1. What is the calculated FRET efficiency for Asp156 to Glu186, with r their C-beta to C-beta distance and R₀ = 22 Å, to the nearest 0.05?
2. From the backbone phi of region 292-297, what are the Karplus-calculated ³J(HN,Hα) couplings (6.51 cos²θ - 1.76 cosθ + 1.60, θ = phi - 60°) in whole Hz, Gly and Pro given as x?
3. FRET efficiency for Thr56 and Arg100, Cβ-Cβ distance as r, R0 = 41 Å, nearest 0.05?
4. Check cross-link reach from Lys280 to the aspartates and glutamates: straight Cα distance under 12 Å, and skip same-chain residues fewer than eight apart.
5. Which order do the peptides 10-22, 356-368, 76-88, 96-108 take when ranked by the mean count of other beta-carbon atoms within 10 Å per residue, highest first?
6. To check you understand DSSP bridge types, tell me what percent of the beta bridges within region 2-368 (both residues inside) are antiparallel, rounded to 5.
7. Under the rule a/c < 1.5 gives rounded, and otherwise a/b versus b/c splits prolate from oblate, where does region 253-370 land using the Cα gyration tensor?
8. For Ser350 and Gln108 in the same chain, what is the full-extension length gain: residue separation times 0.36 nm, less their Cα-Cα distance, in nm?
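Just so it is clear, none of the values below were taken in a lab; they were calculated from the coordinates. Everything quoted here is computed from the prediction, not taken from an experiment. For neighbour counting, all protein chains shown are included, and Cβ atoms are generated from backbone atoms with ideal geometry for every residue, glycine included.
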Amino acid sequence: MLYRSLLRPLLFRLPPETAHELALHSLSFAPNLTKTLLGDRFKRSPFGKLRRFGLTFSNPVGLAAGFDKDGVALESLAALGFGFIEAGTVTYHPQPGNKRPRLFRLPQDKALINRAGFNNHGAAAFAQRVKRNRPDCVLGVSIGKSKVVPLADAVDDYLKSFAVVYPVADYVAVNVSSPNTPRLRELQQAHQLEELLQALQTRNAELAAQEGRSALLPLLVKLSPDLGQEEFKEIVEVAQRQRLAGLIAANTTTDRSRLQTDSRQVEAYGAGGLSGAPLKQRATQVIANLYNLTQGAMPLIGVGGIFTAEDAWEMISAGASLLQIYTGFIYEGPTITRDINENLRRIISSKGFVSLDEAVGCRAKELAGC
Ligand SMILES: Cc1cc2nc3c(=O)[nH]c(=O)nc-3n(C[C@H](O)[C@H](O)[C@H](O)COP(=O)(O)O)c2cc1C
């Protein structure tokens with residue numbers, strides 16, 4: 001409440017990326033102070049422990065990739081009650097990203113458009129920082145292709161990032177779905193994706209043997225909402241063959257068709273990925289579709305336009321067993337995880353389910369068609 005009536009109006013007077021940097025720096029400034037001030041208030045979970053791909057999550061609501069690309073505020077973000085954080089996307093080579101301005105607010109639509117272009121300090125700097133400051137929750141690390149590396153050499157570039165973040169990651173998310181790196185989304189084509197994932201899983205097995213780990217590091221792929229049914233089908237076959245731990249859907253969309261904001265204004269913002277409320281229906285449908293294609297056998301992380309427990313419930317009933325938020329966090333503020341968890345618990349009970357796991361995918365057939 002305080003956020004929406006006081007802090008958000010102030011932050012929204014600043015250019016979007018300046019507001020983001022201010023929030024991130026404030027959070028990174030004194031993690032111990034944040035942890036002491038917040039205590040366990042944001043961390044109570046009404047779900048007990050959740051087991052997903054060999055990891056234990058304190059609650060199903062995670063922070064989506066792109067918010068803390070360099071892992072500078074992970075401890076404070078964990079104190080806000082996220083069940084997990086996907087840091088990054090990091091690239092092997094440090095890079096500045098696209099020219100500013102590259103982030104735009106569409107308040108009328110509760111949405112954002114961004115063309116950040118993977119601005120980050122590089123995988124090595126990330127790993128070094130996280131070694132010193134681990135968050136008190138599951139940590140996923142998203143890896144992407146460096147802009148200077150041609151698409152033909154993408155596999156080698158991802159392999160290098162993978163090896164660097166391997167020691168600090170609880171899982172790795174392979175980002176092949178950002179619309180802001182030229183041609184990146186082509187890596188979602190079945191044959192290219194298979195080559196990439198096979199190479200990563202081979203390296204994963206080598207590193208596990210080297211480190212004396214009995215299991216592979218969970219490897220997930222993050223998908224675009226702009227793919228067609230046939231493409232999802234082929235991707236699921238690749239994911240199953242390559243023994244992925246799960247799929248994440250969805251990244252931002254290039255579709256602008258569901259917006260209330262004046263179209264001339266939207267055009268003036270230019271190219272980029274759209275996130276937030278207008279993405280919700282499509283992202284939920286993609287999750288339902290993936291749930292049906294995998295027959296519920298592969299964990300799915302649902303992301304796109306989740307602002308409330310009702311949105312979260314739709315994603316769970318479509319087939320997501322974990323959730324992520326980004327734009328909702330910007331618009332609703334730091335109590336969003338707590339609010340979603342508490343109210344989601346109530347919704348699940350009111351529908352007659354005894355646990356969250358029991359509810360996963362209960363409306364997948366219906367929601368895949370909408
Ligand atoms: C400013 C911004 C930067 C993002 N950067 C990344 C990124 O680096 N890697 C990634 O996988 N997704 C990135 N995303 C996409 C989000 O992780 C998420 O998939 C998308 O925003 C949909 O969720 P939302 O509607 O809750 O925001 C970014 C989104 C925004 C708004």
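1. So, using R0 = 22 Å, E works out to roughly 0.85.
2. 5, 5, 8, 6, x, 8
3. Calculated transfer efficiency: 0.55.
4. Within reach: Asp109, Glu310, Asp311, Glu314.
5. Result, highest mean first: 76-88, 356-368, 96-108, 10-22.
6. 30 percent
7. Oblate.
8. Full-extension gain reported as 83.9 nm.
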